[in-house]
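Each reported figure results from applying straightforward, stated rules to the coordinates on display, with no laboratory input. The model shown is predicted, which means the values in this text are computed figures rather than measured ones. All Cβ positions, glycine included, derive from the backbone under ideal geometry; neighbour counts span all protein chains shown.
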Amino acid sequence: MRYAKVVVDVPVLTTNRAFDYIVPEQLEEWIEIGSRVGVPFGGQTIQGFVVELQEASMVGSDKLKAIKEVLDLYPSLSPELVQLAGWMSKTYVCHEYTALQSMVPSALKAKYERYIRVDLDMAQQSILSPEAQQVVLAVTKAQPILVDELFKQFPDASGILKEMLRQGLLLETRAAKGRVAIKKLLTVSPACSKEELSAWINQLPAQSRKQKEVLLHFQNHSEPVLLTELVKQLNISSAAVKTLEKKGILKVEEVEVFRDPYAERTFPRTTALPLTPDQAEVLEEILQALRQVQKETFLLHGVTGSGKTEVYLQAIEFCLSQGREAIVLVPEISLTPQMVERFKSRFGDEVAVLHSRLSAGERYDEWRKIMMKNARVVIGARSAVFAPLTRIGLIIIDEEHESSYKQEESPKYHARDVAEMRAQYHQAAVILGSATPSLESYYAAHK
């Protein structure tokens, strides 16, 4: 039997620790450090993060509850980020769950739904009014039922419902519901050979003109196409496609797609620019640290327009050539389309962008892109410091003196300090760029 230590979504002082849970045998393959799980706590199911796995528990197994469910197919956080959350909890005096939660996109943050269920034993022993019997019947049928749904069914029985809750006949529980919104679209492709398509075209009656057009398209283009694009391109209805699918001629499949906030834009590729002697000297020092794979922090002091960004770009290029990854932090106000364009033009689809102006779905998909190793360069505002990269070689903090790198609400972290901790773990280089460095960075550079 295995056990998991879980930090639960009850961010109060008395719960700022990990609680032991039994890992059910059927979930052993799915639960890892960093997994989001649903666990029983205080009579309800809430979300938590697995922060440790162990073969034994100091608490007797007869006193422990089992994890109910795993909320994601893959862990939301790496062991490094789980460790970082523990450090943040101690350093910034915040609840560890709050630190863990700050590292995942809003689409993964728990949304709770309220349910009502019946205490069946109590109901059988009680003398119920006709109205109460109807309520018990409706709730038992669903067992449990959403609170909102129950009130819709009995809009004039709020007094009865309140009394039944007070007596304990009805019990209210909360259940965590992941707000993950993976975008999926339908694709269409041929389910038979070109020869069979030709035969079907000849067999179809004259009135099936639209179906013939679809088959003619796939005679010339055998690759899958989005259903929406096919309908628009051929000026047909989806009914023609559905009919051909039922006949076994076409396949209609659901595929995941990324919401790309920059899909409508093109970024002409750029190459490295010639450097000035000063730029070349600075870059060489940074590359030396990258070659030696050692943690080192550099203060790049230069006025606006002095060429700091080109140094960043060439340092990242070298970092990627080593098979490692890079994070670029930029103040939200400076994260302009022009700034994004410079990085996208140099590194193309390997760039993921994380900032508050993206929709929740777009941010989630950019985060998934990083998780799936489809992006090795992350550019974003303060919270991008938590990007789920696992082979970080370089972290750049542009305009490092900006106060926006300090978060005002809990966890009240400073992105520069968090970046230093991540760099220490990965033995990565850190570049602090500024025209007016902060006093502490300037002092540290001259020590």
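Annotation: for a label point projected 7 angstrom from Cα along Cα→Cβ of Trp87, residues of the stretch 258-300 with backbone N closer than 14 Å are 295-297.
Helix-only arithmetic for the chain: the sum of -39500 (n - 2.57) across DSSP H runs with n ≥ 4, divided by the residue total, places the mean residue ellipticity at 222 nm at -11000 deg cm²/dmol. Under 5 Å between amide hydrogens, built in the peptide plane, is the criterion, and for Glu402 it picks out nothing among residues at least 5 positions away or on other chains.
Just order 76-89, 157-170 by mean Cβ neighbour count inside 10 Å, highest at the front, would you?
Working: 76-89: 20.2, 157-170: 15.1.
Descending packing order for the listed peptides: 76-89, 157-170.
Glu163 label point, 7 Å along Cα→Cβ, cut-off 19 Å on backbone N: hits in the stretch 121-145? Output list for this probe position: 122-139. Stretching the chain fully between Met339 and Arg114 yields a gain of 76.6 nm (0.36 nm per residue, less the alpha carbon separation). For the chain, a Gaussian network of Cα nodes joined below 10 Å ranks Ser306, Ser126, Ser345 by mean-square fluctuation, and the top entry is Ser126. Taking the chain as a Gaussian network of alpha-carbon nodes connected by springs under 10 Å, the highest mean-square fluctuation of the residues Tyr405, Tyr413, Tyr115 belongs to Tyr115.
By average Cβ neighbour count within 10 Å, what is the ranking of 307-320, 127-140 from highest down? Could you put the intermediate results ahead of the total?
Details: 307-320: 20.4, 127-140: 15.4.
Answer by packing, highest mean first, reads 307-320, 127-140.
Exposure proxy shown here: for Asp278, Asp121, the number of other Cβ atoms within 10 Å sets the order, fewest to most, as Asp121, Asp278. Once the Cα-Cα distance is subtracted from the 0.36 nm per residue extended length, the Lys247 to Ser321 segment shows a gain of 21.6 nm.
Our coupling estimate for the stretch 80-94, obtained by passing each phi through the Karplus curve with A = 6.51, B = -1.76, C = 1.60 and θ = phi - 60°, is 5, 5, 4, 4, 4, 4, x, 5, 4, 4, 6, 6, 9, 6, 10 Hz, Gly and Pro reported as x.
What FRET efficiency, computed as 1/(1 + (r/R0)^6) with R0 = 35 Å and r the Cβ-Cβ distance, is obtained for Gln424 and Glu254, rounded to the nearest 0.05? It would help to have the intermediate numbers written out before the result.
Numbers: r = 43 Å, r/R0 = 1.23.
For Gln424 and Glu254, the calculated efficiency is 0.25.
Neighbours of Gln26, meaning other residues whose beta-carbon lies under 14 angstrom from its beta-carbon, give a summed charge of -2 when Lys and Arg score +1 and Asp and Glu score -1. For an R0 of 45 angstrom, estimate the FRET efficiency from the Cβ-Cβ distance between Ser106 and Glu296 and round to the nearest 0.05. That pair, Ser106 with Glu296, gives E of 0.85. The stretch between Ser193 and Gln219 holds 8.5 nm of extra length on full extension. This uses 0.36 nm per residue minus the Cα-Cα distance. Ranked for footprinting exposure by Cβ neighbours inside 10 Å, fewest first, Ile396, Ile22 give Ile22, Ile396. A simple spin-label model places the labels of Glu25 and Ala272 5.8 nm from each other, with each point 7 Å out along Cα-to-Cβ. Have a look at Glu350, Glu366, Glu172 and tell me which one the Gaussian network model of the chain (Cα, springs below 10 Å) gives the largest fluctuation. Greatest mean-square fluctuation among the candidates belongs to Glu172.
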